[in-house]
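Below is one structure, written out as structure tokens; comments come after it.
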Amino acid sequence: GMSLSAGSSPLHSPKITPHTSPAPRRRSHTPNPANYMVPTSASASVTNAVSQPPSTGQVIQKETVGGTTYFYTDTTPAPLTGMVFPNYHIYHPAAPHVAYMQPKANAPSFFMADELRQELINRHLITMAQIDQADIPAVPAEVDSYHSLFPLEPLPPPNRIQKTSNFGYITSCYKAVNSKDDLPYCLRRIHGFRLVNTKCMVLVDMWKKIQHSNIVTLREVFTTKAFGEHSLVFAYDFHAGGETMMSRHFNDPSADAYFTKRKWGQHDGPLPRQHAGLLPESLIWAYIVQLSSALRTIHTAGLACRVMDPTKILVTGKTRLRVNCVGIFDVLTFDNSQNNPLALMAQFQQADLISLGKVVLALACNSLSGIQRENLQKAMELVTINYSSDLKNLILYLLTDQNRLRSVNDIMPMIGARFYTQLDAAQMRNDVIEEDLAKEVQNGRLFRLLAKLGTINERPEFQKDPTWSETGDRYLLKLFRDHLFHQVTEAGTPWIDLSHIISCLNKLDAGVPEKISLISRDEKSVLVVTYSDLKRCFENTFQELIAAANGQL
């Protein structure tokens, strides 16, 4: 803790704002790396201490802000003698456990992996996509509190009569931005549906409480006439770049060749094998772990998924699954005559397990034809030949009627140690992404530094002084800019070295005492300054610009 006295709390003091009070500053300070190496019983002397610390090593500090003096307990120990840390930020090498995971590059990289960057860029593009309202007038500009609608699926024709096989209604899907929080959401519209009873909102509220990494969270349900007719809209979290399991794995017509009927006298085609027409078993188990985890959470909450179907399972990245469109069936098929809206949930949960078995069997056959009743025997033979007995037993258990109520927990022993394989893969992936994030932390800091430097260099005029950027501290910063970017070799060719630029910017940011020679463009003047001098010039000049921008000059 932290104790404050001598007047009101800094969060309530009329003389200062919370941004300048010592309490938030102390809470958010960067941890001292020495903390991890100092014994808990160590007692350290700290400057400005007003009393001797107790045996725990705590020190009472004081700080005056806006005329009010605050006393607080500083529990940060001083570094032990002999400990040396860098005095400016540097790019550290990759951690060994991450370095050995990845193929060695020819040169060290200051940036994230190209594959991850491309994936993130694609997600950003999809998130920011908009439509030309003049070209697609059928999409309204606003729906309730959502705007900037963008169709995520081909819009059904206006005269369409047939309904979808999933929900029994014509549906459409849009990305939209909520004006309340400016976040993107996915809107699933049910065409021509009029909600006559709001009792089903009890189930909607239960769905809104479910937060799971393999479930697309339902945020709200509302009715609207913005599309020109009564419509029911379900708002979900938006996951950019997601595609359905149907489009990822079941979009190849040739994959059904093994199950299609043949004329009399023709033989079956070649038997598909793993990595030659069939999915690897490790991928199928990865999907099973995620889907069973989603079902377990849903069933534990007293609900049923009811959309365990390849067209309603989203795949993002390589293997990440999310169950989509949850809660829609609960609203569309709500029975007002039922006193208990959860009365049929046990029956629906049993149907979820059968649906999960069909999805796993379809993945194992790499074909939706494999789950048709006339092909089940042939499909199970294919699974028996190509996959482990555990996978076969899991499919049989899910698809076979039992004399008792089954639970998703019953398949946990069949998954067995494969769960640890998935956990290990997820943690290794997390290590790699954290390593890429560490690079971008430094890059973001350097970008802000360059942005500030760019506002100073070559400014044509400031405060009606056209020579402002060529005199005083600004001239030093101009020469430093040349030192950063405009150096040449002995032959007069440009000298391009990213490590030189990064090292100099880091030293400027920290203000190290190292000296540097800055040469004027006519090579008649050589100025020897330290990075700490440059940092002082840099900060003073930028604050001068900020003061002028805020009208304080």
Take the range 122-145 and flag every residue that is open to solvent by less than 70 Å² (accessible area, probe 1.4 Å), more than 21 Å from the chain's Cα centre (by Cα) and either among the aliphatic types (A, V, I, L, M) or under 13 Å from Phe238 (Cα atoms) (or both). Ile131, Ile136, Val139, Ala141, Val143
What number goes with the only condition from (1) of a type in the set (Ser, Thr, Tyr); (2) in a helix (DSSP H, G or I); (3) over 33 Å from the mean Cα position of the chain (by Cα) that Ser337 does not pass? (2)
Evaluation of Val441 against (1) open to solvent by 60 Å² or more (accessible area, probe 1.4 Å); (2) free of Cβ contacts under 8 Å to residues at least 40 places away in the same chain; (3) more than 30 Å from Cys504 (Cβ to Cβ) (one fails), failing number: (3)
Close pairs (7 angstrom Cβ cut-off, 6 or more residues apart or separate chains): at positive phi in the range 455-475, surrounded by 14 or more Cβ atoms within 10 Å (Cβ to Cβ) anywhere: Glu458/Ser469
Restricting to the range 193-222, give me the number of residues that are touching a residue at least 24 places away in the same chain (Cβ under 8 Å) and surrounded by 15 or more Cβ atoms within 10 Å (Cβ to Cβ). 16
Residue that is nearest to Leu303 (Cα to Cα), among those in the range 332-375 that are open to solvent by less than 60 Å² (accessible area, probe 1.4 Å) and free of Cβ contacts under 8 Å to residues at least 40 places away in the same chain: Ala343
Would you be able to say whether some residue in the range 472-487 is assigned to a loop (DSSP other than H, G, I, E, B) and assigned by the TED database to the domain that holds Leu449? yes
Hey, can you tell me all the residues within the range 287-317 that are outside any helix (DSSP H, G or I), under 16 Å from Ala362 (Cα atoms) and out of contact with any Leu (no Cβ under 9 Å at 6 or more places or on another chain)? Val307, Asp309
Taking the range 183-215, which residues are at pLDDT 95 or above and in a loop (DSSP other than H, G, I, E, B)? Leu183, Lys209, Ile210, Gln211, His212, Ser213, Asn214
Would you mention how many residues in the range 376-387 are open to solvent by 30 Å² or more (accessible area, probe 1.4 Å) and not hydrophobic (A, V, I, L, M, F, W, C)? 4
Only one of these is at pLDDT 95 or above, under 27 Å from Ala346 (Cα atoms), hydrophobic (A, V, I, L, M, F, W, C) and over 27 Å from the mean Cα position of the chain (by Cα): Leu291, Leu295, Leu218, Leu232. Name it. Leu232
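The values are calculated or read from the model by the stated rules, or taken from the named source; none is laboratory data. Since we're looking at a predicted model, the values are computed, not measured. Positions of Cβ are backbone-derived with ideal geometry, glycine not excepted, and every protein chain shown enters the neighbour counts. Calculation scope for accessible area: heavy atoms of the full protein, side chains included, ligands and nucleic acids excluded. Shrake-Rupley method; radii C 1.70, N 1.55, O 1.52, S 1.80 Å.
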